[in-house]
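The values are calculated or read from the model by the stated rules, or taken from the named source; none is laboratory data. These numbers come from a predicted model, not from an experiment. Quick reminder, even Gly has a Cβ in these numbers, built from the backbone with ideal geometry, and neighbours come from all protein chains shown.
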Amino acid sequence: MKIRVLHKDYGCETGCCGHVIEVDGEEQDFYFTHAYDRDPLTFAQYIVEAKFGSEHVADLDWENSIIVAYD
């Protein structure tokens, strides 16, 4: 299973943006939130744990995750 946290726009008309969770290429949820001053890995962990619960993501390989942060 591949889980990705991506920055995206929320509809062309809204002008809003935030982050989505993708699981194996399928978009799951949209969050109107940003990392701001948080570490990108910590932010990704927060979003994924909020969606799936900490007990379900405890075995994810965070140490070998690829984090790409955008300004």
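When the residues of the stretch 18-62 are filtered to those that are among the hydroxyl-bearing types (Ser, Thr, Tyr) and modelled with pLDDT of 85 or more, the one that is surrounded by the most Cβ atoms within 10 Å (Cβ to Cβ) is 46.
Mind checking whether some residue in the stretch 38-46 is of a type in the set (Val, Ile, Thr) and out of contact with any strand residue (DSSP E or B) (no Cβ under 9 Å at 6 or more places or on another chain)? Scanning the stretch 38-46, I find at least one residue that is of a type in the set (Val, Ile, Thr) and out of contact with any strand residue (DSSP E or B) (no Cβ under 9 Å at 6 or more places or on another chain), so the answer is yes. Residues that are among the acidic types (Asp, Glu) and over 13 Å from the mean Cα position of the chain (by Cα) within the stretch 27-71 comprise 37, 55, 59, 61, 63, 71, listed in sequence order. The set of residues from the stretch 51-71 being small (Gly, Ala, Ser) and within 18 Å of residue 8 (Cα to Cα) comprises just one member, 69.
So that you can scan it fast, the table gives a plain yes or no per residue for (1) out of contact with any helix residue (DSSP H, G or I) (no Cβ under 9 Å at 6 or more places or on another chain); (2) over 23 Å from residue 60 (Cα atoms); (3) without any contact (Cβ under 8 Å) to a residue 12 or more places away in the chain; (4) of a type in the set (Val, Ile, Thr):
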| site | (1), (2), (3), (4) |
| --- | --- |
| 7 | yes, no, no, no |
| 30 | yes, no, no, no |
| 46 | yes, no, yes, no |
| 49 | no, no, yes, no |
